[in-house]
Structure formats: C-alpha cells, structure tokens
Amino acid sequence: QVQLVESGGGLVQPGGSLRLSCAASGRILSINHMGWYRQAPGKQREFVAVMHSAGITVYTDSVKGRFTISRDNAKNTLYMQMNSLKPEDTAVYYCNAQIQRNDYWGQGTQVTVSS
C-alpha cells in the first residue's frame, strides 16, 4: 500500500515563505509524476504544480515565479517552496502522485496567509 504524507503548512504573513513536503512510502517501483493541488474554502480543488518523471515542471499561472517544486528521488519526497505568499494562496494543499499507474492523494496540509 502506498501512502502520501504532507507536512510544512502553517500560518504566515503576506510576503512570507513556507516549504511543503510530501513523502511517499510503501511499495514504490515507479513514480510517473508528483504534484500539488489546493482547495480554498468554498472553492473546487485546483491544480498548482507538477513534476513529471523526466523532471519537467508545470505551474499554474498564479504561482509562476513564486512557487518552486523539487523532488528527492532517493527519498521519494516532493517539495514545494512557496515565496511571496498572498492571502489568496490560503487553502488546504494536497499532494498527488501517480505511482505504478495508480493515483494517490495525501491528507492535506493547511496553509493560511494572513496578517
């Protein structure tokens, strides 16, 4: 069984930074891609960023230049460095991964940007 566990969320002031982590554990033979989604109160879950197995990264327009994802393949861990955070970045952030052609989600971590 594969499990994704996120960490690193919290409360930060506008303009601040946070780094999220997503650790994949279990029987992992191959990871096709890993990425992040977020869901703000009253809104649908939306795509934020993804890193494909070849290292190609894709970001939603609203976070380009502010968020950076990276991956430690040896640890099966995905990171997302979030800089210049804005109140509109407030959401629950979910890790998503396609592992052995199956889709997995983490439990989510809350990010709140407020003064």
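Here are the numbers for the structure shown:
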item	result
Accessible area per residue, Å², segment 54-115 with all protein chains present, probe 1.4 Å	52
q = 0.26, 0.30 Å⁻¹, segment 71-115: log10 I(q)/I(0) [Debye, one scatterer per Cα]	-1.03, -1.15
Dipole magnitude (debye, nearest 20) for segment 11-115, charges at Cβ of Lys, Arg, Asp, Glu	140
Alpha-carbon Debye profile of the chain, log10 I(q)/I(0) at 0.10, 0.13, 0.16 Å⁻¹	-0.26, -0.45, -0.67
Relative pair counts by distance (%), Cα atoms of segment 24-66, 5 Å bins	5, 18, 22, 21, 17, 10, 6, 0
Loop-located trypsin sites (Lys or Arg not before Pro) in segment 12-115, at most 16 other Cβ atoms within 10 Å (DSSP)	ARG27, LYS43, ARG45, LYS64, ARG66, ARG101
Sulfur and carbon atoms: percent of accessible area, the chain [1.4 Å]	45
Separation of alpha-carbon centers, segment 64-115 and segment 5-43, rounded to whole Å	3
log₁₀ of I(q)/I(0) at q = 0.28, 0.29 Å⁻¹ - segment 1-53, Debye sum with one point per alpha carbon	-1.25, -1.26
Where GLU46, GLU88 fall by accessible area, highest first, once all protein chains stay in place (1.4 Å)	GLU88, GLU46
Selected from GLY26, VAL48, LEU78, residue furthest toward positive end of dipole (the chain; charges at beta carbon)	GLY26
Segment LEU29-SER17, length gained on full extension (0.36 nm per residue, minus Cα span)	1.0 nm
Order of exposure, largest accessible area first, which applies to ASP61, ASP103, ASP89 with probe 1.4 Å	ASP61, ASP103, ASP89
Spin-label pair ILE56/THR112, simplified geometry with 7 Å Cα→Cβ offset, distance in nm	3.9
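The values are calculated or read from the model by the stated rules, or taken from the named source; none is laboratory data. Given the structure is predicted, the values throughout are model-derived calculations rather than measurements. Cβ coordinates were reconstructed from backbone atoms using ideal geometry, including for glycine residues, and neighbour counts include every protein chain displayed. Note: accessible area is taken over every heavy atom of the protein model, side chains too, but ligands, DNA and RNA are not part of it. Shrake-Rupley method; radii C 1.70, N 1.55, O 1.52, S 1.80 Å.
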